[in-house]
Amino acid sequence: MSKTLEPKSKSDPLLKFSAQFIAIAHTICALSAFLAALVVGTWLHYHKIVKNEFYGYPDEWFPSVSATIGDRYPERSIFQVIIALTAGPRFLLLLLNYIRLYKPNSIYPKLGLISGFIRTMTCGGWVYITSTDDHDAHDIFMVLYIVLTIPWDLSITMLTAPRSSLRRYRKYMALTFFFMLIPLIYLFIQHKAHKVKGAYSYYAYCEWSLIFLDVGFDALSIIDFKDLSIELLPSKNGDEYFSTNFNIQLIQKEIELNSKKEPSHSFSDPLSDSEKLLPKTIAVNNSSFEITINTLNSFIFWSIYSSLFLCIWHFPLWNMGISGYEATCLSLLAPFLLSIPGLQSFFAKKPAFPRFFACLFGVGSFAVTEPASRLLILSVGVIFAVMSLCVEISTIGKLNDPMAIKSYATTFSMGLILSSILKFAFWTNNPIWPIMNKNTGGWNTTGLIVGLTSAYFTTLPQIPVDHKKSADTQKPSLLVCSAAFGSLIYSISAMLTDSSTIILWTWSGYPISGPIPVPHGAVTLIVMCLGTYLGLLKSNSYKIVTIMGIIGAIFLYNFHDWAGYAGGMLYAFWVCYITPICFHQISKVDHVAAVFGIAYIFDILLSLGHVWVVAYAFVPYGPLLRERTDLIFGSSVLLICGIIMKYNIVEAELSTKKLTHTLKKFSNFFKLFTLLSVFVAFQRFQFEKPKPYHPESRLFTAGIWTIHFGLDNDMWASEHRMRDLIKDLELDVIGLLESDTQRIIMGNRDLTQRLAEELDMYADFGPGPNKHTWGAALLSKFPIVQSTHHLLPSPVGELAPAIHATLDCYGELVDIVVFHSGQEEDVEDRLLQSLGVAEIMGSSDRPLVLLSYLVTNPLEGNYNTYVSDDSGMHDIDATDDDRWCEYILYKKLKRTGYARISRGTITDTEVQVGKFVVPNAGEPYDEEYSQERVDESSVPLDMRFPSMFYGDGVRDHRFHVFDEPRYFD
């Protein structure tokens with residue numbers, strides 16, 4: 001028979017205990033789970049759990065957390081049982097922290113409770129899904145847990161009594177946790193990329209340190225809860241007390257924690273605590289000099305920001321999957337560092353400081369040749385660039401002058417436009433990116449000087465102590481503002497950092513029936529200028545402009561050619577027009593670290609989604625977003641619209657004279673930008689028609705090259721070296737694969753533009769960036785009469801793009817098919833794709849050349865579908881049994897030569913080249929497709945391959961595999 005709790009009197013509690021026991025229980029359960037697994041694992045399976053994919057004992061001597069808690073029985077089971085016992089105290093800890101630290105009119109209590117709850121759920125993800133079960137899922141939950149630790153630690157620390165020893169403990173514990181991530185990431189890279197012996201053991205030390213720091217942070221609640229008691233009181237029902245019913249009551253004592261009693265007002269922004277130190281002046285000066293400085297600072301910001309993902313891309317590209325370097329995108333979460341007391345106020349008083357270091361590390365990173373080190377230094381620049389932007393928006397927002405924040409937002413957009421104009425002038429490469437240097441056409445040193453100079457002259461208005469804050473009691477929602485600002489940054493970086501991105505979204509091939517990058521890139525830039533200028537002039541049309549922007553986005557996504565481009569221009573106009581509104585709203589939120597930190601979480605999530613839609617075959621849970629650009633693009637539009645519904649116009653009360661004077665200064669800049677855009681378009685326009693190299697022999701030389709997105713082995717832009725090799729080989733036609741670089745992670749570039757213009761060729765970009773392929777492009781000295789873009793069947797793996805083009809070769813129509821097959825693992829995809837390409841080739845009765853990436857062995861499997869009676873195609877050299885990826889097939893042409901040229905360090909794939917003679921109408925060709933070879937001495941000089949590629953070749957390019965070209969009778 002169970003014994004019930006009976007109160008001694010009607011007022012006595014059934015049970016009373018200190019809330020400290022909750023925190024103690026959580027600490028004991030959490031620590032014992034990890035320590036028990038470590039002890040048992042070391043005792044039973046030491047040599048097995050210290051072994052990793054590269055080394056074992058004695059090269060590695062300490063186990064990682066994942067290996068300890070998830071790889072072996074019984075330590076895995078012991079850990080999971082004990083950690084399950086932690087769940088009860090954990091959820092009670094969340095609740096008690098919310099109650100204990102609650103402050104009215106503060107975002108931090110809810111932020112801490114929500115992030116803490118989700119963080120606990122993600123903990124269950126990496127605890128119960130081990131790296132052995134599902135490595136990707138385990139890592140995703142682990143990364144989410146670490147990211148959510150930022151708002152959790154931030155909220156709990158900021159809600160703790162100021163100037164108390166407990167707040168100092170929490171602050172330093174949290175900072176140590178996050179600074180420990182730096183050596184953690186470095187050591188993981190040393191292990192994963194460089195395979196350094198012992199690096200993983202040192203990595204494990206850092207990993208275990210994070211565990212103890214994380215548990216230690218929550219253990220500080222033991223101190224926090226010492227004045228908090230929990231009582232279970234009997235429930236009253238009439239005059240009777242029932243022992244089976246009870247109430248729970250929390251009793252908080254009036255005890256101060258190692259400090260003076262905290263003020264009763266709600267938590268304020270860190271900057272407001274230091275406002276009394278600022279001079280009693282407010283200087284808002286929209287002088288031409290100030291506009292220039294802010295515009296140049298914005299230009300440096302966009303140059304640094306847009307290069308981050310581009311440099312990150314180098315590593316998963318070469319690793320063919322997640323590399324670990326992707327973690328550097330977390331540098332965008334730098335706004336959370338502004339919660340460090342005094343940091344925001346210091347940056348507000350010394351705005352040149354973060355701008356200076358942003359430029360020094362961001363732009364100056366080009367001086368470091370080793371790719372990993374260059375990326376890490378760049379990420380430091382990103383940290384300062386992001387923090388400087390956030391502080392400047394917040395500081396100007398405190399002026400309660402909508403015109404001031406609008407002017408600043410306008411210079412922000414002007415810096416974006418300036419960077420796009422410069423990319424327009426430099427064939428879609430930003431000349432101060434870290435992938436550029438003096439050998440690739442970079443202006444890095446010039447950019448560094450300009451950026452450091454503009455940083456030196458950066459100023460912010462200083463707010464006096466008697467300055468009154470805004471009387472607006474309806475503060476905008478932190479979450480809405482964060483989502484809108486993060487989506488704005490994403491939308492700009494995805495669509496407006498290059499003048500040709502929107503154009504290539506609408507590109508449909510030849511004959512041309514829509515815009516082309518040159519000259520119409522200038523139109524895009526002019527529309528961006530117009531949207532920015534009108535956004536400054538008047539904001540009261542924001543609703544109708546937003547409707548236009550939404551309609552434009554729909555047209556851009558659903559239509560090609562001029563209709564799609566018109567929609568794109570409405571969308572670009574809207575994004576530029578709406579930027580001041582987003583700046584104005586987010587500047588009114590007091591909690592700078594939280595609002596901007598969460599904003600960049602949205603930015604990162606959208607940017608990753610932007611990658612996932614095309615990289616679905618190579619990333620965790622990729623199929624969830626496969627080809628769903630509509631979801632990512634649509635979400636970014638809707639999240640920006642969220643701020644519109646909450647926006648109330650408060651136009652600056654300026655005299656007509658002052659407004660006119662301000663607009664005149666800005667209008668001069670927009671006139672200059674417009675003239676520059678038109679001038680660049682005129683300078684780059686191809687007025688002369690391309691000509692083949694050897695028209696006297698009716699010869700055309702065709703090549704195929706997988707160019708690895710224009711980044712070489714050392715993370716430098718490779719267009720110059722590609723151009724030189726194509727020119728030296730005298731290629732009249734070349735197919736380029738892995739060529740779609742119009743994405744955030746590739747820098748929104750178009751590799752075909754520089755190559756086509758400097759080689760004097762026509763260009764077909766192929767399926768656009770909204771078609772979710774890695775890209776196929778065609779360059780030709782011959783006019784492209786017609787082209788059709790295909791997506792071959794791909795039920796499982798990556799999409800396989802193809803271009804079917806018809807060229808006018810010496811008056812005869814010749815077809816070219818450029819094709820990239822799917823990856824090796826997807827057998828069904830490659831079979832269906834081979835049938836699809838064979839059907840395309842078989843449907844043409846004209847002379848035809850296939851320039852392709854087939855992923856098959858010669859004479860085996862799908863090869864016999866490509867080379868078949870149905871397709872009518874023949875191998876350029878069936879005796880070459882060393883191929884796997886690249887192939888050249890042909891029909892109804894006279895083949896005269898075939899060569900393979902080494903890649904140097906440009907990419908991971910060689911160039912394959914074939915020489916063909918185009919027969920006159922009715923003239924016979926080699927109908928038997930003989931494989932009989934002839935000596936080079938019997939081949940006319942103009943039909944030979946360049947002799948410079950014999951021996952050691954030139955610039956690491958030489959004949960290889962069979963060390964010389966092959967010629968055919």
Problem - Among the residues listed as I129, I82, the single one being more than 29 Å from A593 (Cα to Cα) and either assigned by TED's automatic domain parsing to the domain that holds E326 or more than 34 Å from the chain's Cα centre (by Cα) (or both) - result: I82
Practice task
For the range 585-640, enumerate the residues that are among the polar types (S, T, N, Q), surrounded by fewer than 21 Cβ atoms within 10 Å (Cβ to Cβ) and more than 23 Å from E738 (Cα to Cα).
Solution key: S635
Practice task
Answer yes or no as to whether F346 is without any contact (Cβ under 8 Å) to a residue 24 or more places away in the chain and not assigned by TED's automatic domain parsing to the domain that holds M173.
Solution key: yes
Fill in the blank from the handout: Residue pairs qualifying under the 6 Å Cβ cut-off, at least six apart or on distinct chains, with the first in the range 215-229 being farther than 18 Å from F17 by Cα and the second being hydrophobic (A, V, I, L, M, F, W, C) and surrounded by fewer than 20 Cβ atoms within 10 Å (Cβ to Cβ), are V215/L31; G216/M173; F217/M173
Exercise for the section: Could you check how many residues of the range 661-703 are touching a helix residue (DSSP H, G or I) at 6+ places or on another chain (Cβ under 8 Å), closer than 30 Å to R903 by Cβ and part of a helix (DSSP H, G or I)? Expected result: 2
Completion exercise
Among strands (runs of 3 or more DSSP E) entirely inside the range 769-819, those with 1 or more residues being under 22 Å from R723 (Cα atoms), polar (S, T, N, Q) and in contact with a strand residue (DSSP E or B) (Cβ under 6 Å, 6 or more places away or on another chain) are 776-780
Exercise for the section: Give the residues of the range 833-863 that are out of contact with any helix residue (DSSP H, G or I) (no Cβ under 9 Å at 6 or more places or on another chain) and farther than 21 Å from A805 by Cα, sorted by residue number. Expected result: P858, L859, E860
Exercise for the section: Look at the range 179-204 and say how many of its residues are under 13 Å from G324 (Cβ atoms) and touching a helix residue (DSSP H, G or I) at 6+ places or on another chain (Cβ under 7 Å). Expected result: 11
Problem - Cross-chain or 6+ apart pairs with Cβ under 6 Å, the range 511-534 first and under 13 Å from F424 (Cβ atoms), then among the basic types (K, R) - result: V518/R684
Exercise for the section: State which residue is farthest from the chain's Cα centre (by Cα) when the search covers only the range 942-960 and only residues that are of a type in the set (D, E, K, R), exposed (fewer than 15 other Cβ atoms within 10 Å of the Cβ) and part of a loop (DSSP other than H, G, I, E, B). Expected result: D952
Exercise for the section: Please state which of the following conditions D963 fails to meet, knowing it meets all the rest: (1) under 44 Å from the mean Cα position of the chain (by Cα); (2) touching a residue at least 12 places away in the same chain (Cβ under 8 Å); (3) part of a loop (DSSP other than H, G, I, E, B). Expected result: (2)
Exercise for the section: Please go through the range 386-410 and pick out each residue that is assigned to a loop (DSSP other than H, G, I, E, B) and either within 18 Å of the chain's Cα centre (by Cα) or not basic (K, R) (or both). Expected result: L399, N400, D401
Practice task
Test A717 against the criterion of being at pLDDT 95 or above, in the same structural domain as D808 (by TED's automatic domain parsing) and touching a helix residue (DSSP H, G or I) at 6+ places or on another chain (Cβ under 8 Å), and give yes or no.
Solution key: yes
Exercise for the section: Tell me which residues, restricted to the range 50-81, are out of contact with any Ser or Thr (no Cβ under 6 Å at 6 or more places or on another chain) and hydrophobic (A, V, I, L, M, F, W, C). Expected result: V50, F54, V65, A67, I69, I78, F79, V81
Exercise for the section: Go through the range 369-385 and give me each residue that's in a helix (DSSP H, G or I), in contact (Cβ under 8 Å) with a residue 60 or more places away in the chain and not hydrophobic (A, V, I, L, M, F, W, C). Expected result: P371, R374, S379, G381
Fill in the blank from the handout: By my count, strands (runs of 3 or more DSSP E) wholly in the range 882-922 with at least 3 residues that are among the basic types (K, R) are 894-901
Completion exercise
Flagged in the range 823-843 as in contact (Cβ under 8 Å) with a residue 40 or more places away in the chain, under 21 Å from I704 (Cα atoms) and not hydrophobic (A, V, I, L, M, F, W, C), in numbering order, are Q823, Q833, G836
Exercise for the section: Select, from G397, G381, G364, the only residue that is surrounded by fewer than 24 Cβ atoms within 10 Å (Cβ to Cβ) and closer than 28 Å to P461 by Cβ. Expected result: G397
Handout entry: Odd one out for V589 among (1) part of a helix (DSSP H, G or I); (2) at pLDDT below 95; (3) in contact with a helix residue (DSSP H, G or I) (Cβ under 6 Å, 6 or more places away or on another chain); (4) β-branched (V, I, T)
Key = (1)
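The values are calculated or read from the model by the stated rules, or taken from the named source; none is laboratory data. Just so it is clear, the model here is predicted, and its values are computed rather than measured. Cβ sites come from the backbone with ideal geometry, for glycine too, and all protein chains shown count toward neighbours.
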